[in-house]
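Below you'll find the structure, written out as structure tokens, and then a few comments.
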Amino acid sequence: MRAMIGTWRMSLGGVARGLGLLEAGADCLDAVTEAVAFVEDDPAFTSVGFGGLPDREGCVTADAALMDGGTLRLGGVMSAQNIRNPIRAARRLVERAENCLLAGEGAQRFAREAGLEMQDLRTPQALARWREALAQRDAVRQPYRGHDTVCVLALDEAGRMAAGTSTSGLFLKEPGRVGDSPLVGSGFYCDARYGAAAATGLGEEIMRGCLSYEVVSLMRRGAGPHDACVRALRGLQARLKRQGETMRDVSLIALTPAGIFGAATSLRVFPFAAGKDGAAEVYLAGSDGQTRRASPGEADAQP
């Protein structure tokens, strides 16, 4: 069994590429890396990689991580500039037993010394949008609220599992801000005995519930991937409600060692891409807890 799932419609091409690599015999770590890199390389996706939207000072800083579900080792970078594919740096770092999560200049130095491609991630379009936003009143208090982190989970033929994430974070974020994406247990978690999970949305919200670890923990206790995502999400929603708070944008995906996938969201609709031993398709998860395959027209209209 080979299976893969990724957040948002923007992951569709990457998931298709990853499934093809799995079909050709690649292991899950390399398949996830290539799936995420596909999204990082496309400047049309302004919340990931090249073409990502800048922080308050006009810099694009990236976060990315990768976890091996067999060994529980992980690698990642955060607040890193000028690494063309942050997920490739995470792929190199997952092989380390120590010093596997690097930030800022340390992450950039590692990428340069590893021979990875370095490039300013800002595009003219991204800088124009940044200048326009700064000119608007209260822009710094109104961050970009569209689709964001690309997360990909994979199962290969040998039963190995991996989870990967990449993001440029909130538009106009405070310099140095790091969300959930490179943080194990919050943005991602993978244990090949029970499954993998990842989160996308407002990182400050996701971190409050360590939601990816919670999903895998629920699967360890027997929950299916869809049910685990719904229960983890609703559990945090209930906690926040008791405190007089309303959960902001959060969506979860999960994959089991049997290749079964699931998702849940606080949004009205959350699109994601998934496939097993074949072509990737777009699915829609709703805030009502239901998930269905998107029609061709619906799929094309999703972010």
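Odds and ends about this structure:
- Kirkwood Rh, angstrom, the chain [1 / mean 1/r, Cα pairs]: 18.6 Å
- The stretch 159-303, dipole about Cα centre (Lys/Arg Cβ +1, Asp/Glu Cβ -1), debye to the nearest 20: 440 debye
- Local electrostatic count, residue 175, Cβ distance below 13 Å [Lys/Arg +1, Asp/Glu -1]: 0
- Of all accessible heavy-atom area on the chain, the percent that carbon and sulfur account for (1.4 Å): 47 percent
- Computing Rg and the Kirkwood Rh from the Cα coordinates of the stretch 66-202 gives a ratio, Rg/Rh, of 1.01.
- Most positive-pole-ward Cα, 134, 119, 106, against dipole of the stretch 90-141 from beta carbon charges: 134
- Phi-derived couplings, Karplus 6.51 cos²θ - 1.76 cosθ + 1.60 at θ = phi - 60°, listed residue by residue for the stretch 43-55: x, 5, 9, 7, 10, 9, x, 4, x, x, 7, x, 7 Hz, with x used for Gly and Pro.
- Rough spin-label spacing in nm, given labels placed 7 Å along Cα→Cβ, for residue 293 and residue 243: 4.1 nm
- Computed [θ] at 222 nm, deg cm²/dmol, the chain (DSSP H ≥ 4; -39,500 (n - 2.57); rounded to nearest 500): -9500 deg cm²/dmol
- Considering only Cα atoms, the convex hull volume of the stretch 1-137 works out to 116 Å³ per residue.
- For the chain, size of Cβ-based charge dipole, Lys and Arg +1, Asp and Glu -1, in debye: 780 debye
- Computed over Cα pairs, the Kirkwood radius of the stretch 1-49 leads via Stokes-Einstein (1.306 mPa s, 10 °C) to a diffusion coefficient of 148 µm² per second.
- The string of couplings for the stretch 187-192 from the Karplus curve (6.51, -1.76, 1.60, θ = phi - 60°) is x, 6, 6, 8, 10, 4 Hz, one whole number per residue in order, with x for Gly and Pro.
- 3J(HN,Hα) along the stretch 122-127: 7, 9, x, 5, 5, 5 Hz, from the Karplus curve 6.51 cos²θ - 1.76 cosθ + 1.60 with θ = phi - 60°, whole Hz, x for Gly and Pro.
- Amide H within-cut-off set for residue 195, under 5 Å, with H built and near neighbours excluded: none
- In whole percents, the pair-distance distribution calculated for the stretch 147-240 from its alpha-carbon pairs, binned every 5 Å from zero, is 3, 15, 24, 23, 18, 10, 5, 2, 0.
- Cβ-based charge dipole, the chain, positive-most Cα from 78, 51, 185: 185
- Rg over Rh for the stretch 188-303 works out to 0.97, using Cα positions for both radii and the Kirkwood form for Rh.
- Loop-resident sites, the stretch 147-228, for GluC sites (Glu not before Pro), counting at most 15 other Cβ within 10 Å (DSSP): 157
- Cα pair distances in the stretch 204-270, grouped into 10 Å bins until the bin that holds the longest one, percent each: 23, 53, 22, 2
- For the stretch 30-94, the Cβ-based charge dipole about the Cα centre amounts to some 220 debye (Lys, Arg positive; Asp, Glu negative; other atoms uncharged).
- Sparse-neighbourhood loop sites, trypsin sites (Lys or Arg not before Pro) in the stretch 199-283 - DSSP loop, at most 15 other Cβ within 10 angstrom: 221, 248, 268
- Net charge of Cβ neighbours under 10 Å - reference residue 160; Lys, Arg +1; Asp, Glu -1: -4
The values are calculated or read from the model by the stated rules, or taken from the named source; none is laboratory data. Quantities reported herein were computed from a predicted structural model and do not represent experimental measurements. Reconstructed Cβ throughout: ideal geometry from the backbone, glycine too, with neighbour counts over all protein chains shown. Keep in mind that these areas ignore ligands, DNA and RNA; they rest on the heavy atoms of the full protein, side chains included. Shrake-Rupley method; radii C 1.70, N 1.55, O 1.52, S 1.80 Å.
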